1. In segment 32-54, what residues are open to solvent by 50 Å² or more (accessible area, probe 1.4 Å) and either of a type in the set (Gly, Ala, Ser) or part of a helix (DSSP H, G or I) (or both)?
2. Given Glu201, Glu119, which one is within 27 Å of Met78 (Cβ to Cβ), in contact (Cβ under 8 Å) with a residue 24 or more places away in the chain, of a type in the set (Asp, Glu) and in contact with a Phe, Trp or Tyr (Cβ under 8 Å, 6 or more places away or on another chain)?
3. Test Glu96 against the criterion of being within 27 Å of Ser28 (Cβ to Cβ) and not in a loop (DSSP other than H, G, I, E, B), and give yes or no.
4. Filter segment 65-96 for residues that are under 21 Å from Asn141 (Cα atoms) and in contact with a Phe, Trp or Tyr (Cβ under 8 Å, 6 or more places away or on another chain) and give the result.
5. Considering each residue of segment 170-219, count those that are hydroxyl-bearing (Ser, Thr, Tyr), within 17 Å of Ser126 (Cα to Cα) and loosely packed, with under 14 Cβ neighbours inside 10 Å, and give that number.
6. Could you pull out the residue among Ile163, Ile208, Ile199, Ile186 that is touching a Pro at 6+ places or on another chain (Cβ under 8 Å) and on the phi < 0 side of the Ramachandran plot?
Amino acid sequence: MSITDNLKKIKSALPDDVTLVAVSKTKSISEIREAYDTGHTVFGENKVQEMVQKWENMPKDIQWHMIGHVQRNKVKYMAEFVSLIHGVDSIKLLGEIDKRAQQNNRVINCLLQIHIAEETTKFGLSADELDGLIHSDEFHNMKNIAIVGLMGMATFTDDTNQIRREFRFLKTLFDSTKKIIPDISILSMGMSGDYEIAIEEGSTMVRIGSSIFGARNRN
């Protein structure tokens, strides 16, 4: 099936309240253009330099999401245009985003990344670290960032019960965080292999790449 067919099939099966981020990392401008020509405008990248290059060469109504781990020294390159940063996992990174957003006279939307997987290779805040961050004076003094939700990645496993438990834990954290930050609305969890479970457990945003574009191009 073509990118167009894949995208239309997935979008037709998603609930209306779930946003699809088409993960376009390693994909060419022409491949992204094919997806864009179906009317899709939300794309996710995991490398800042690659996202900047694509932003420069693609229509400006595209919403670019940074879904990968972010190094603080790279924030300045995307601060002008990034729509949503998914992987915010420290107060220091949040402070850098706030500083760069202020320099560009804008407010940058962010998701706080929570570590829910058993794998130690995954990034993210613990529940205690999340609580400490959102109650800190430093956080409350930031005026150019907006926390709009939480994000997490489940363990890469065939054990669907474990995946479901991890997503359910994140949904519980989301609900408790919403009592403190009432404006949050995005719960970003679920990728090509587990997004159906994620949606069942309350996800409002899924990140899907290979099911749209095919296998990732290895750099």
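1. Arg33, Glu34, Gly39, Gln49, Gln53
2. Answer to the check: Glu119.
3. On the way: within 27 Å of Ser28 (Cβ to Cβ): no; not in a loop (DSSP other than H, G, I, E, B): yes.
Answer is no for this residue.
4. Gly87, Asp89, Ile91, Leu94
5. Going residue by residue through segment 170-219, those that are hydroxyl-bearing (Ser, Thr, Tyr) are 172, 176-177, 185, 188, 192, 195, 203-204, 210-211.
Among the residues that remain, those that are also within 17 Å of Ser126 (Cα to Cα) are: 172, 176-177, 188.
This time we only want the ones that are loosely packed, with under 14 Cβ neighbours inside 10 Å, so: 172, 176.
Residues that pass the stated criteria total 2.
6. Details: Ile163 fails: touching a Pro at 6+ places or on another chain (Cβ under 8 Å); Ile208 fails: touching a Pro at 6+ places or on another chain (Cβ under 8 Å); Ile186 fails: touching a Pro at 6+ places or on another chain (Cβ under 8 Å).
None of the others qualify; the one that does is Ile199.
The values are calculated or read from the model by the stated rules, or taken from the named source; none is laboratory data. Note that the structure is predicted; figures quoted are calculated from it, not measured. Note that each Cβ is placed from the backbone with ideal geometry, even for glycine, and that neighbours are counted across all protein chains shown. Accessible surface areas use protein heavy atoms only, side chains included; no ligands, DNA or RNA. Shrake-Rupley method; radii C 1.70, N 1.55, O 1.52, S 1.80 Å.
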